[in-house]
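Please treat every number below as a calculation from the coordinates, not as lab data. Treat the numbers as computed from the prediction; the structure is a model and nothing was measured. We place every Cβ from the backbone using ideal geometry, glycine too, and count neighbours over all the protein chains shown.
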Amino acid sequence: MFDQVDWQQVWIATQETLFMVGISTFFTALLGIPLGVLLVITDRGHLWENAAIQRVLGLIVNIFRAVPFIVLVLFLFPVAEFILGTSLGPAAATIPLIAGAAPFYARMVETAIREIDRGVIEASQAMGASKFTIVRKVLIPEALPAIVSGLTVTCVSLISFSAMAGVVGGGGLGDAAFRFGFQSFNDQMLIVCGVLLVVLVQIVQGIGDLISKRLDKR
Amino acid sequence: MIQVKKVSKVFPAQGKGESVTALKDVSLEIERGDIFGIIGHSGAGKSTLLRMLNGLEKPTTGSVIIDGKEISKLKDKELRLARQKIGMIFQHFHLLWSRTVRENVAFPLEVAGVPKSEIQRKVDQLLERVGLQDRADAYPSQLSGGQKQRVGIARALANDPDVLLCDEATSALDPETTASILQLLQEINRETGITLVLITHEMSVVRSICNKIAVMEAGEIVEIGEVEEIFNHAKHPVTRKFLQQEINEEAKDLGKCLTVTISKQSDWNNLISIAQTYQVSIQIVGGEIQATTDKHTISFRLLGEPANVNKAIDEILSQANKMEVIERV
Ligand SMILES: Nc1ncnc2c1ncn2[C@@H]1O[C@H](COP(=O)(O)OP(=O)(O)O)[C@@H](O)[C@H]1O
Ligand SMILES: [Mg+2]
């Protein structure tokens, strides 16, 4: 039935997508979680009150959130070139993906951590815990269910963004759907790549929900 | 043991609001092994005062000294070490949702850098002490309020503190659970000689376990001393009000009860004749004599046939012009 599908190409495209999404999700978490924590604890009357840092970080996050993703991609080509030596391929595409997703995710982490009862933080201080201990053993574990569900949402957006980034040179399922499907008048290829993206989203959402639910002890 | 010297606290104005003076020139001394009660209405400054004792709040002026160390002057690291020896429990427990009972109690030990094997042993011991050994692997969300507070107590005692601060520790609990938590605190005080400082707005809590008491109002200590002394010779109106409130609370438990003001002997005779008419007896549950105004309040309940009791109460209420009925419960 799918006689016009080049499964070899589909497989390569799938691997590229998984690579882009995997790497960019990882770095989004790596940047977004500390950024989100900092946005909270530098707040007035919080663990590490620091108006200057708070303002600068808030500004950076908002700028990156305001810039449309496609502009970010074009804008960050030279950055990818500088870091990776190339502005093409899945690796290069991760740079704008991370830049686009990390600030969004940082805000989600911020919200998750703000949900924690101030009394719990105060109780930890009363037990003699240091700021670092409070972040590591109180703020992050207590907010973990929301941090994970935020990452799930972010990962799903990264899948759809990666399809876009793919078209401008990143490869992956989005690129395959566009070039080998749409542009080559190969509907079957278009459908297969589209369905695979949907399946990927479903799997990510399912696993994310499961983990988040497991972690939630409230 | 604990000395609070001329402490004032002003919270600076935020935005358009005015600055708040939460404490005004407060001084007090707490001795080792005391169970020291601080009573006052909401907003009187009790929590602010308590939080001074472990440095969660810094005095604007004055000093707080515990065991010779001036808490209000300690540097970050020293303060954290000092706090490990000052336990604290809260009205809303403030446990970590993400940790089991065992892990919650282990938290302060982890903070203090106690080795793992030792933590295990110590946590078992603490859980047994508060009677929660069989709930060790439950999460706080699976516990009742009383159990949560027991976890809070075990956690607060983990590093063998010299002082335990209790901020309305029983205010979210029902009377029975309150009694059991107070009993636990008292036992721990007797066993370990730990100094307890507890905040409450209920005189019954003070009566059941405290040996000393400070009454606070609008950021000031208005009365302070031994519990017996204060209970028998309360001078300040706020203290009296708290005592009266306790009587009313108790009366509630006893059934139909009235509190009336009596100013003349004839009022009293009148009361007795009503009781005789309806064949009920008067059981006095409390009272207060005010030498200055000649107005005495007594709280009593009427015992007898329910129908007669109701008629007698109606009769007394109808004579409210003679006897001022303050409260009908
Ligand atoms: N962090 C704060 N900032 C501003 N005002 C505060 C702060 N903490 C307490 N207050 C004010 O100080 C007063 C005393 O509060 P508190 O000590 O909590 O009273 P209590 O525990 O007796 O109810 C209140 O008027 C309260 O609004
Ligand atoms: Mg309070």
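The trypsin sites (Lys or Arg not before Pro) of region B:1-72 that DSSP puts in a loop, and whose beta carbon has at most 13 other beta carbons within 10 Å, are B:Lys16, B:Arg32. Sorting B:Val130, A:Val201, A:Val167 from the fewest to the most surrounding beta carbons within 10 angstrom yields A:Val201, A:Val167, B:Val130.
The H on the amide N of B:Val222, modeled in the peptide plane, is under 5 Å from the matching H of B:Val215, B:Met216, B:Glu217, each at least 5 residues off or on a different chain. Extension gain for the segment B:Lys69 to B:Gln125, taken as residue separation times 0.36 nm less the Cα-Cα distance, is 17.2 nm to one decimal.
Please state, as a whole number in µm²/s, the translational diffusion coefficient that the Stokes-Einstein equation yields for chain A at 37 °C and 0.692 mPa s, with Rh defined as the Kirkwood radius across alpha carbon pairs. For these conditions, the coefficient is 175 µm²/s.
Assuming 1.567 mPa s and 4 °C, estimate D for the protein assembly as shown with Stokes-Einstein, Rh taken as the Kirkwood radius over Cα pairs, in µm²/s. In µm²/s, the coefficient rounds to 46.
Put a dot 7 Å past the Cα of A:Ile63, heading toward its Cβ, do the same for A:Val199, and the two dots end up 4.2 nm apart. Bridges between two residues of chain B, per DSSP, are antiparallel at a rate of about 65%.
For region B:59-66, putting each phi into the Karplus relation 6.51 cos²θ - 1.76 cosθ + 1.60 with θ = phi - 60° gives couplings of x, 6, 9, x, 9, 10, 10, 10 Hz, in residue order, rounded to whole numbers and with x for Gly and Pro. Close amide-amide hydrogen proximity is noted between B:Val163 and B:Gly87, B:Thr195, each under 5 Å apart and 5 or more residues distant or on a separate chain (H modeled in the peptide plane; Pro and chain starts excluded).
Compute the relative contact order of chain A as a whole-number percentage, counting only Cα pairs closer than 8 Å that sit 6 or more residues apart in sequence. Value for chain A: 28 percent.
For region A:41-46, putting each phi into the Karplus relation 6.51 cos²θ - 1.76 cosθ + 1.60 with θ = phi - 60° gives couplings of 6, 7, 5, 4, x, 9 Hz, in residue order, rounded to whole numbers and with x for Gly and Pro. For the protein assembly as shown, DSSP calls about 65 percent of its internal beta bridges antiparallel. For region A:2-110, the list of GluC sites (Glu not before Pro) that fall in a loop by DSSP and count at most 16 other C-beta atoms within 10 angstrom reads A:Glu49.
Annotation: the residues A:Asp3, B:Asp137, A:Asp216, sorted from fewest to most other C-beta atoms within 10 Å of their own C-beta, follow the order A:Asp3, B:Asp137, A:Asp216.
Step through the table entries B:Lys16/B:Lys148; B:Lys73/B:Lys241; B:Lys235/B:Lys311; B:Lys85/B:Lys241; B:Lys73/B:Lys116; B:Lys46/B:Lys69, compare each Cα-Cα distance with 31 Å, and write down the pairs that go over it. Check vs 31 Å cut-off fails for B:Lys16/B:Lys148; B:Lys73/B:Lys241; B:Lys235/B:Lys311; B:Lys85/B:Lys241; B:Lys73/B:Lys116. With the convex hull drawn over the C-alpha atoms of chain B, the volume per residue is 177 Å³. 3J(HN,Hα) along region A:5-16, derived from phi through the Karplus expression 6.51 cos²θ - 1.76 cosθ + 1.60 where θ = phi - 60°, amounts to 8, 8, 5, 4, 5, 4, 5, 4, 4, 4, 4, 5 Hz, with x in place of Gly and Pro. Report summary: the helix-based calculation at 222 nm, which adds -39500 (n - 2.57) for every DSSP H run with n ≥ 4 and divides by the residues of the protein assembly as shown, gives -17500 deg cm²/dmol. Could you work out the per residue convex hull volume over the alpha carbons of region A:1-97, in cubic angstrom? It is 139 Å³ per residue. Along the Cα-to-Cβ line of A:Leu18, 7 Å from the Cα, sits a label point; which residues in region A:147-185 have backbone N less than 15 Å from it? What the label zone holds, given the 15 Å backbone N cut-off, is A:172-173. Short to long, the 10 Å bins of the Cα pair-distance histogram for region B:183-246 hold 20, 54, 22, 4 percent of all pairs.
Quick check on region B:1-130: take the gyration tensor over C-alpha atoms, sort the square-rooted eigenvalues as a ≥ b ≥ c, and tell me if it's rounded (a/c under 1.5), prolate or oblate. Because a/c hits 1.5 or more and a/b exceeds b/c, region B:1-130 counts as prolate. Relative to its Kirkwood radius, the Cα radius of gyration of region B:83-127 gives an Rg/Rh of 0.96.
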